[in-house]
Structure formats: C-alpha cells, structure tokens
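Below is one structure, written out as structure tokens; the observations come after it.
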Amino acid sequence: MTLPGEENWSPTGVNEHLVEKSVAVKRAKGQKYKPSAARAPKSIFSNRPSPAEFYGIQANQRELEPNLDKLDIRRDRAMKADTSATFLSVPDDYPDIIDFEVAVAPPQIDFAIVQGTEPWYLPVDDEIHVSPLSASAGFAMWSGFGAVRRGPDGCFYYSIGNHLYYGGNAYMMKYDPHEKVQSVCFESRECLGWTSDIWTDGKIHGNPDIDSHGDMYVPTFSGPRPLAADLKQVDYYGAHILRYNIHSGEVEDLGVPLQGDTWCYSAYNEEMSLLFVVGQAKGMVMAYDTRKRVMVFGGFPPPNIRWWMRCTLIDPETGKIYSSNVLSRDGEMPMVSWERKNSTFNILEVRSPTNPVSGKGEPLRAHTVSKDSDGAHWCFDEFGFMFKFYPAEAKVEPVGINWGKTGKYTANLTMSPRGRYLYYLPGAHNKMYEYGTPLVQYDVESGKKKVIAFLNNYYLEKYGYSPYGAYGIEISEGGDSVFFYTNGLFSSKEMGSGYGRPAIFHVHIPESERPE
C-alpha cells in the first residue's frame, strides 16, 4: 500500500548490518566539542524552568544528604521491611478530588536506596547550561527513566543513569526478591570503553525486555540527547545496542546501527526475533532481527508519519507494531503501525480517544505488555487518560482519567496474571509526593481505583526519604507483589522532593486486597 505523500519516499539511513563495534568505538574517541569564544554563554531554556528546578535537584546534595538521612541508610544494601497503618492514610493536605478507595490491610514493603552507582555524588556544573546547543534539558543526576522487567529467573531488572553527556554512563540493575539482594549487571561505560571527554549516553531509556533464553537487548540513550541541529557541533557517533544475558552475565556490543540517532524507546518480540527502537535526535526507527543479526528496516518513516518517541506497542499475537503519529492535525492523534511483511508503514483509521481535559487526542504513553481476555491492551495517553486498544479490530474504547481531576503523566503500568487488576504509580514526573506518592490498583471489572499504599509520608518521616515518582513497575509471576524504583531524594517536607537518589520498593499485597 502506498501512503499519501510517500510516492518519492525512500528510507534514509538504512544499513544492511549494524556497524562493527571496532568502528563505533574508534569513531567515538573524537575531540570534545567546546563552544567558540564568538558564542556568548547563554541559557538554552528561555522561559522554561532550569533543569535544577524542573527535576528538583539539590545542588548541595553532598552537604544536605548526611543530615537528612535519618537512619543512615543511604549506603546500606540491606532491604528494610516495613508495614504500617500510615500506608493507608490519605495525607491531610491531599490537594485533589478523592475518587478512590483505600486498602483495608496494609502491605509489607521492602525498601532500599539503589546501590552500586559511582561516583556517589555527581558534578553540579554542567557545560550544556551555558552552551548554545539546543539539546534538551540535562543535568547530572542519578535517575531512572525506563521500564522494569521480570526475567525468567524471577528477578527484576531496571536501569539507572547519570544523565550526563560528556562522561555519560548507565547501569543495568537487578533485584533478586528471593534473596532480597540488589546488584549491578553491567555499566555501559565499562562495556563500551567510553571516556569522560567524549559525548556518550547517560541513560537506558527503553524496555529491558528479556526472552526465554535470558537475552536482553539494551539500546543506549543520550541524556541530554543532541537534537538534529546539534549533531554538527558535537562529536556524537550515535547510540549503541547491547545484548546482555542474565544467566551468563555476558555483554556484547552490537554496535551503532544508525549514526547520529539515540534510542529513547524500545520494544522486543521474541517470537519474531524482532527488536524495534525509536530515535529522538533525528526521529529514525529501526527494526532488527536478533536471530539473523540483520537490520530489517532502519531510517525515517514515510514523510507523513512521525513515529512517537515515547511509546511503542507490539501485538504479541501478530508481531505488528503500533504507536501514535505525532504529525497529527485538528486535535486528532491517529495510530500508526509497522509490520515486518514488506516492511510496511500504515496510518490507521483508529485515533486515540479525545482526552476530556485537553479536548484532543494525545499520544500513547503507556500500555500493558499482554492483552486482557477481550483482546485489548490497556493504555494511558501522555496526560493520563485511560483507554483500551484492540489490535485485531483496530478500535479504541475510552475508559477514564487515571488520577485526580486532570490525569497524571504515567510511563508504565502492569497487569495481574488473570487480568483483573492494573497497578501503576500515577505521575512519573508530576510531583506526586504532594499527593502522597500512591501505588494504585485499578479493578477492570468495577472500574474502581484503590490505593494499596501512600508512600511519601511514611518514608519521609521514618527515613527522611521522599520518593518523587516512578517510571517503571512490574508485577511478580503470581501477582502477589509489585516491584518498582522511584526517583527521589533525602529531604524534608518543606524542601519537597526531586531527582538524584533513586530507591527500590517491593510491595507485598495482602491476599485480601487482590481477590481474582
């Protein structure tokens, strides 16, 4: 099928195979970009908040943290086990409508500060704040922006990065719930031989999907990422693809598939041996056959499609891949698809439902990996409107707001084994500590929201730790617990929260709160 406007289109940037590792590493060792004297230092953020304000970063974290850490836990690997009626208390200053229930029985929660990231305190001076580059907001901070996945070993995997560009580094982390032990799987800087004088990738931003053999395909992501206008000014070769095996511990660099782009989202389908990644610096996409080790497609979608960089959904039955077309017009947000047969892009008739708050269709932001018994993926748009997407019928069904009056930006959700409950932490970046940082259970049968635990007040009072928000969450195989990490800080109620000191939480849900 020829799409309107694609008659003269060809997929720019296609490479038959991934770039060899030796070539990628050799090119990456170029000279560091330095602003010329002719370019006067100036803020690149204009009327936007500075990164420190946007992320709530403590510039003097080194001095503040020891006094705010009430029980001296910041360098303690041991998980702390807590249960308390405070988990079930709606904060006295709760600022929004209360259209939710609260659990009757409090959960037990295992909690610890993420360990293994070094240096413990990152530099506070960031050259990009005064450079003329148009790269998006960046600031050195330990932080996580990707999903959590459970491996075939029953362990949970997630990533933490330093959010740097020169000297960028990211870690793949593991939590073993049986031994209650957290550990580092690998760090990208060590695997790729990066040095501090080159522009590298300070995040792993996609989904660490793991196949039945224990292989995980990990695209790296520059944080902050250079935009297309920056690429001539910095020595950035492009993001890598790593293969990591959770059983052997082997890490393999598969190289840089498309020069100059950086991978902000990824999804993997084992049955099709297909990894699909979405670039943000240039907006390219890539489909890679992990068994044959060949690029199936690499380059730009047709000119009438701009593949959304923050969410991609793979139908596990057909392997067809979906997202939003952000070249939308008139308040609509068409869904788009790509299928491996003939490497075909399509703009679908189906649209994201109209968000009742914004009055228009919004891009897809989160979805369940599996489908429910009706054949639907449960989804959130970028502003927290819930809907169901039926790939087989190419239709959507509006559901409602995920939290509060207006909805909250939520990056991931997970579904219970039999499909009755969704679990999520609303507000990955909405200052949800002001709402108590709720862990929500959504009953798809009744349409009711129930808070399993409010986290902020308890952990702030006992440990001095304030969880800001979560980008990843995953359920256990039996559905009796959920695991997530949060960005957060040792802080006080007056100071609020922010990014810089991630923590992990393993919430054991009482059986009485999850009848299925």
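The values are calculated or read from the model by the stated rules, or taken from the named source; none is laboratory data. Owing to the predicted nature of the structure, the values given are computational and were not obtained by experimental measurement. Backbone-built Cβ (ideal geometry, glycine too); neighbour counts: all protein chains shown.
Taking residue 419, is it surrounded by fewer than 22 Cβ atoms within 10 Å (Cβ to Cβ), at pLDDT 95 or above and not in a strand (DSSP E or B)?
In short, yes.
Name the residues in region 322-342 that are at pLDDT 95 or above and among the polar types (S, T, N, Q), would you?
323, 324, 325, 337
Can residue 329 be described as touching a residue at least 40 places away in the same chain (Cβ under 8 Å) and basic (Lys, Arg)?
no
Would you point out which residue out of 461, 393, 397 is more than 23 Å from residue 512 (Cβ to Cβ), out of contact with any Lys or Arg (no Cβ under 6 Å at 6 or more places or on another chain), of a type in the set (Asp, Glu) and outside any loop (DSSP other than H, G, I, E, B)?
So the residue among 461, 393, 397 that is more than 23 Å from residue 512 (Cβ to Cβ), out of contact with any Lys or Arg (no Cβ under 6 Å at 6 or more places or on another chain), of a type in the set (Asp, Glu) and outside any loop (DSSP other than H, G, I, E, B) is 461.
Condition first: assigned to a loop (DSSP other than H, G, I, E, B), within 25 Å of residue 174 (Cβ to Cβ) and among the basic types (Lys, Arg). Now tell me which residues in region 55-94 satisfy that.
Within region 55-94, 74, 75, 77 meet the criteria.
All but one of (1) part of a strand (DSSP E or B); (2) surrounded by fewer than 21 Cβ atoms within 10 Å (Cβ to Cβ); (3) touching a residue at least 12 places away in the same chain (Cβ under 8 Å) hold for residue 291; state the number of the condition that does not hold.
Here residue 291 meets the rest and fails (1).
Scan region 474-513 for residues that are of a type in the set (A, V, I, L, M, F, W, C) and under 14 Å from residue 160 (Cα atoms) and jot them down.
484, 503, 504
What about residue 338, is it touching a strand residue (DSSP E or B) at 6+ places or on another chain (Cβ under 8 Å), of a type outside the set (Asp, Glu) and under 17 Å from residue 393 (Cα atoms)?
yes
Condition (residue is within 22 Å of the chain's Cα centre (by Cα), farther than 25 Å from residue 210 by Cα, among the polar types (S, T, N, Q) and modelled with pLDDT of 95 or more) applied to region 344-353: is it met by at least one residue?
yes
Restricting to region 246-263, name every residue that is within 18 Å of residue 194 (Cβ to Cβ) and part of a loop (DSSP other than H, G, I, E, B).
If the condition is that a residue be within 18 Å of residue 194 (Cβ to Cβ) and part of a loop (DSSP other than H, G, I, E, B), then 254, 255, 256, 257, 259, 260, 261, 262 are the ones that fit.
With the structure loaded, tell me whether residue 185 is surrounded by fewer than 23 Cβ atoms within 10 Å (Cβ to Cβ) and under 14 Å from residue 146 (Cβ atoms) or whether it fails that test.
yes
Please state which one of 426, 398, 438 is surrounded by fewer than 21 Cβ atoms within 10 Å (Cβ to Cβ) and either in contact with a Cys (Cβ under 8 Å, 6 or more places away or on another chain) or on the phi < 0 side of the Ramachandran plot (or both).
398
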